[in-house]
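Please read the structure below before turning to the comments.
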Amino acid sequence: MSDTEPRTDGGATTIARMRRNLDRMTAEDAGLYVVLIFAAVFYLVPIESGLVTSFKTGTAIIETAPFAPPGPSGFTFEKWQTAIDALLRGMGNSLLYAVPATVISAVVGSVTAYGLTIPTWKKSYKAVVLMLIIAGIFIPYQAVLVPLTQFWSQWAQLDQVLSFVWALGVSNDYAGIVELVITHVAYGIPICTLLFRTYYKTMSDEMIESARLDGATLRRVYRRIVLPLSGPMFAVVLIYQFTQIWNDLLFTLVLVSTESSPAAPVVLILAGLGTSLEGQDFALRMAGAFFAALPTLAVYIFFGEEFAEGVAA
């Protein structure tokens with residue numbers, strides 16, 4: 001471009017565009033923006049406060065406001081290092097049961113929902129089976145704690161069933177991990193079935209009928225048509241189930257019991273992190289909470305696009 005050619009002032013153009021947008025803004029639009037800004041601040045301030053607290057020394061926590069960042073003398077990575085050292089083993093234990101329980105319950109829920117939606121069998125039978133499955137959603141955790149404990153301690157007795165595993169040098173405390181997998185699968189199947197069935201009800205009947213007329217069996221229809229189209233709902237179910245299982249403390253307390261166990265999950269260790277006779281170490285607890293939340297955050301990021309499609313469906 002030569003010096004004689006007119007140049008566009010980018011800053012002036014941006015300001016002019018902003019003024020035109022403000023002139024077109026109605027009172028309703030302004031009110032909506034105010035509400036959105038307030039909601040964003042309302043949800044983000046606690047996260048920001050917890051994050052900056054995790055980098056503060058004990059003195060900085062006392063001398064500064066919760067949401068104020070620490071000064072140079074009050075900034076430290078020590079709490080994060082301590083939290084990571086304390087929780088790393090628990091993170092591995094949590095993954096040992098959260099991942100298989102999530103995948104198994106999603107797959108079983110998908111197959112069950114397919115059987116209750118696509119195949120043609122009596123609607124009255126479908127309604128009864130579906131009602132029995134969905135009833136499991138409304139059974140509170142607290143109502144099954146006593147029979148659950150009796151089942152695993154008196155009837156199942158995994159310590160004896162898996163004795164060949166313990167003979168290999170694995171601690172028998174990991175029987176609690178197996179118990180958590182089976183328990184979360186059993187509790188996750190009803191909600192997974194309901195979500196998948198809702199999604200499968202929106203599928204084209206003509207597409208399924210065309211495949212059946214071409215001689216495709218029920219198994220082939222599921223494998224070649226239904227399963228490939230289930231990606232968005234699998235993302236929704238995997239995110240939901242993984243988050244619920246990862247954050248669950250009640251079943252962990254009942255089946256694993258103590259944070260000193262080699263099989264203690266991260267939520268069990270986190271519950272006692274930073275707690276002592278001297279009081280609460282808030283910076284350590286905040287660092288531990290953010291570190292323990294990283295896997296769930298990673299799942300949301302990894303399946304974010306499919307999750308949006310599944311929710312929209």
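The values are calculated or read from the model by the stated rules, or taken from the named source; none is laboratory data. All values reported here derive from a predicted model rather than from experimental measurement. Please note: Cβ atoms are built from the backbone with ideal geometry, for glycine as well, and neighbour counts cover all protein chains shown. Heavy atoms of the whole protein, side chains included, go into the accessibility calculation; ligands, DNA and RNA do not. Shrake-Rupley method; radii C 1.70, N 1.55, O 1.52, S 1.80 Å.
Odds and ends about this structure:
- The phi-based Karplus calculation (6.51 cos²θ - 1.76 cosθ + 1.60; θ = phi - 60°) puts the 3J(HN,Hα) values of segment 210-220 at 4, 5, 5, 5, 7, x, 6, 6, 4, 5, 5 Hz, whole numbers, x for Gly and Pro.
- Taking other residues whose beta carbon is less than 14 angstrom from the beta carbon of P265, and scoring Lys, Arg as +1 and Asp, Glu as -1, yields -3.
- Given +1 at the Cβ of Lys and Arg, -1 at the Cβ of Asp and Glu and no other charges, the dipole of the chain around its Cα centre is 1100 debye to the nearest 20.
- Computed with a 1.4 Å probe over protein heavy atoms only, the accessible surface of the chain comes to 60 Å² per residue.
- Listed values for segment 111-119 are Karplus-derived 3J(HN,Hα) couplings in whole Hz (6.51 cos²θ - 1.76 cosθ + 1.60, θ = phi - 60°), namely 5, 5, 5, 4, x, 8, 10, 7, x, and x replaces Gly and Pro.
- Nitroxide proxy distance, nm - points 7 Å out along Cα→Cβ at A16 and R89: 6.8 nm
- Radius 9 Å from Cβ of T275, net charge of other residues (Lys, Arg +1; Asp, Glu -1): 0
- Other residues with beta-carbon under 13 Å from the beta-carbon of A65 carry, at +1 per Lys or Arg and -1 per Asp or Glu, a net charge of -1.
- Volume per residue that the Cα convex hull of the chain spans, once the total is divided by residue count, Å³: 306 Å³
- Charge-dipole axis of the chain as Lys and Arg at +1 and Asp and Glu at -1 on Cβ define it, positive-most pick from L32, Q142, A293: Q142
- Ranking Q244, V128, Q157 by how far each Cα lies toward the positive end of the dipole of the chain (charges on Cβ) leaves V128 at the top.
- Of the peptides 241-253, 217-229, the ranking by mean beta-carbon count within 10 Å, highest at the top, reads 241-253, 217-229.
- Subtracting the Cα-Cα distance of V161 and A127 from 0.36 nm times their residue separation leaves 8.5 nm of extension gain.
- Share of pairwise Cα-Cα distances greater than 15 Å in segment 146-236 is 71 percent (whole percent).
- For segment 88-178, trypsin sites (Lys or Arg not before Pro) meeting the loop criterion (DSSP other than H, G, I, E, B) and having at most 13 other Cβ atoms within 10 Å: K122.
- Share of carbon and sulfur in the accessible heavy-atom surface of the chain [1.4 Å probe, %]: 66 percent
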